[in-house]
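Written out below as structure tokens is the structure these notes cover.
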Amino acid sequence: MAHGGSAQELAPGAIAEHLFCLEPDRDERAPQLCAETLLTLAANQYLAPSGDLASPKRQLFALRSLATGKNFLGGRQDGHAADEQTTPEQYGAMLARGSDIRGSANLGKAQLALQGLIDPDTQRAQQPGAWLLRPFHESLLWYDARKPSPSRREYTVRKVYMRGSGITFARILLDPRPEDARASAQAAVLAIREALTAPTPVAEISRKLEGALPIGQAYNRPPSLEDDERAAWERGSDPRLDDLARALCKHAEGVMTQEGSSAPARLWQLRSVLALDLACHTLRTAWNVTNTPVGERYLLLSFSSAPRATDPVRKKSEDSYRIARIKLSDAIVRTLASRMQELAQRLPRVDWATHFQTGSTLGNTGDPDSISNQLRSLGNRADIESYLQVARNAVEVADYSRGAENGFRVLLESVGCLVGTGIYRYLTASPDLLATLVGALSQDMPMTSREFFAAVRREWGLIINQESASATSLAKELDGAGLEYNARRAEKLMGDAGLAVGLSDRTTLVGERVARETNK
């Protein structure tokens with residue numbers, strides 16, 4: 001037995017949490033992160049709770065049956081729904097078909113409207129229990145649901161694609177640790193509450209459908225708070241997240257308080273900026289741990305339409321993404337090695353099997369090259385380089401990339417920042433993401449495109465033009481003309497999306513107040 005230390009502290013999730021404080025996961029994309037954040041805010045009345053946290057695990061099985069065309073009330077025979085002759089299961093089946101129920105009308109039309117609000121990014125999973133609606137109104141927010149087993153007909157809410165990061169983000173917004181982030185956080189939460197509670201007919205639909213279910217049944221009772229939810233909430237006050245908290249509160253305020261955008265549009269941008277900030281937090285943490293030179297801390301966005309073979313900016317964008325993943329992997333290796341060395345030095349004898357998630361990571365004890373035998377041969381006085389070699393071998397045989405490289409990848413993919421496949425993935429910004437960047441910086445708008453590109457570099461480490469690349473290794477690797485063409489393409493995309501206007505051949509003005517400023 002190991003003497004001291006917590007169980008499985010060398011498991012992939014524990015290493016990711018130790019490194020990033022948060023635990024990014026390849027299953028958690030922008031929709032899940034945003035939904036969990038908004039659910040936590042709404043469940044706690046948009047206030048930091050004075051007592052225990054209210055769980056974000058909201059079911060809405062009647063509404064989601066109508067919206068997804070899937071009966072989430074299957075197997076529920078207790079009590080009656082809608083009338084005395086209808087069981088909850090039958091009620092869910094009628095809703096899934098869009099059939100009118102006694103006292104209702106036009107449920108089929110309501111179903112079509114709700115289906116139009118399904119976030120397409122959540123439909124990558126072929127399980128309707130994981131589908132979410134776009135952030136639109138608090139009455140349409142629900143949590144992941146899944147059957148306990150394929151043979152069962154009942155659904156229950158449970159942590160599947162939502163991983164707890166949204167609860168941490170809600171804590172940051174409701175009660176940020178850095179004092180200089182509190183004013184922005186309060187403004188952001190107030191605007192989020194106004195957007196999520198604005199009058200809308202769908203709120204009444206949700207209330208009526210859920211109100212028809214029998215009172216006191218497990219499928220409409222508020223779920224109890226779980227220990228991992230408490231831990232995720234407490235994590236929001238960790239000083240390691242101070243920089244993330246400042247960025248998150250600033251960007252959320254910018255997005256949610258901008259003028260000239262509808263509430264749904266602002267909530268959609270919030271969805272993107274939450275994911276982008278989390279992705280950038282993981283990468284910046286990796287840069288710090290690996291002592292990456294300042295000139296190599298960037299991600300290059302490519303906007304060229306040229307064929308890849310003749311597009312050096314796109315190729316360098318591919319390189320910047322590939323190197324970022326290498327840095328994330330290296331940070332995981334360094335953290336694992338450091339934790340291994342700490343255990344060996346702290347404990348008189350280490351039972352390594354109790355600290356890894358599975359025995360498969362350690363390998364067969366009869367194999368002289370197994371991780372367990374490599375660790376046993378090191379002893380407690382080995383230097384960090386020896387542990388780094390063992391850690392690299394361990395990472396190769398276990399899924400440590402889930403909480404770093406793959407989590408980073410899916411966050412960027414889900415906000416339109418990463419496109420392509422395999423080794424040809426490169427970084428760009430869709431019109432929606434450009435709108436998010438503009439919205440997050442709305443407090444400083446309007447600004448010239450030159451100022452905007454500099455702000456994007458400062459806030460997220462993203463490079464678009466030659467000037468932003470001047471202090472990086474790109475200055476020697478790319479022709480300035482190529483980067484300036486890249487910037488012109490980005491300006492054109494923003495102009496076509498109504499985010500910017502060209503004042504001359506050399507000046508483009510960016511921001512929500514562009515129209516007013518140019519018409520003065």
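With the simple model of a label 7 Å out from the Cα in the direction of the Cβ, Asp432 to Asn288 spans 3.1 nm. Could you work out how far the C-alpha centroid of the stretch 105-129 sits from that of the stretch 133-200, in angstrom? Centre-to-centre distance over Cα atoms comes out at 19 Å.
The simple spin-label model puts a point 7 Å past each Cα toward its Cβ; for Asp444 and Leu190 those points are separated by 2.3 nm. Estimated from the Cβ-Cβ distance and a Förster radius of 45 angstrom, the FRET efficiency linking Gln8 and Arg152 is about 0.95.
Each part reduced to its alpha carbon centroid, the stretch 66-99 and the stretch 288-358 end up 49 Å apart. Pull out a ≥ b ≥ c, the square roots of the eigenvalues of the alpha-carbon gyration tensor of the stretch 81-122, then state rounded if a/c is under 1.5, prolate if not and a/b is larger than b/c, and oblate in the remaining case. In terms of gyration-tensor shape, oblate. Only residues of the stretch 162-188 count here: report those whose backbone N is under 12 Å from the spot 7 Å along Cα→Cβ of Ala48, or say none. Residues 171-183, 185-186 qualify, since their backbone N sits under 12 Å from the label point. Stretching Thr421 away from Leu347 to a fully extended chain increases their span by 22.1 nm, per 0.36 nm per residue minus the current alpha-carbon distance. Across the options His137, Met162, Gly98, the greatest Cα extent toward the positive end of the charge dipole of the stretch 27-237 (unit charges at beta carbon of Lys, Arg, Asp, Glu) belongs to Gly98. Here the extension length gained between Thr354 and Leu503 equals 47.1 nm, from 0.36 nm per residue of separation less the Cα-Cα distance. Mean separation of Cα pairs under 8 Å and 6 or more residues apart, divided by the residue count, gives the chain a relative contact order of 19 percent. Sparse packing (at most 14 other Cβ atoms within 10 Å of the Cβ) combined with a DSSP loop state is found for the following trypsin sites (Lys or Arg not before Pro) in the stretch 75-146: Arg102. Here the simple spin-label model places points 7 Å from the Cα toward Cβ, and for Lys109 and Ser262 these points are separated by 1.8 nm.
Just so you know, the Cα atoms of the chain work out to an Rg and Dmax of 25.0, 80 Å. Debye sum, Cα scatterers, the stretch 16-162, no solvent: what log₁₀ I/I(0) at q = 0.08, 0.09, 0.10, 0.16 1/Å? Scattering profile of the stretch 16-162, log10 relative to I(0): -0.25, -0.32, -0.39, -0.93. Reported to the nearest whole Å, the Cα centre-to-centre distance from the stretch 222-250 to the stretch 393-470 is 23. Net length available on complete extension from Gln85 to Asp383 is 99.9 nm, with 0.36 nm assigned per residue and the Cα-Cα distance removed. Of the peptides 39-52, 456-469, 400-413, the ranking by mean beta-carbon count within 10 Å, highest at the top, reads 400-413, 456-469, 39-52.
Every number here is computed from the coordinates shown, using simple stated rules; none is lab data. What you see is a predicted model, and the numbers here were worked out from it, not measured in a lab. Cβ sites come from the backbone with ideal geometry, for glycine too, and all protein chains shown count toward neighbours.
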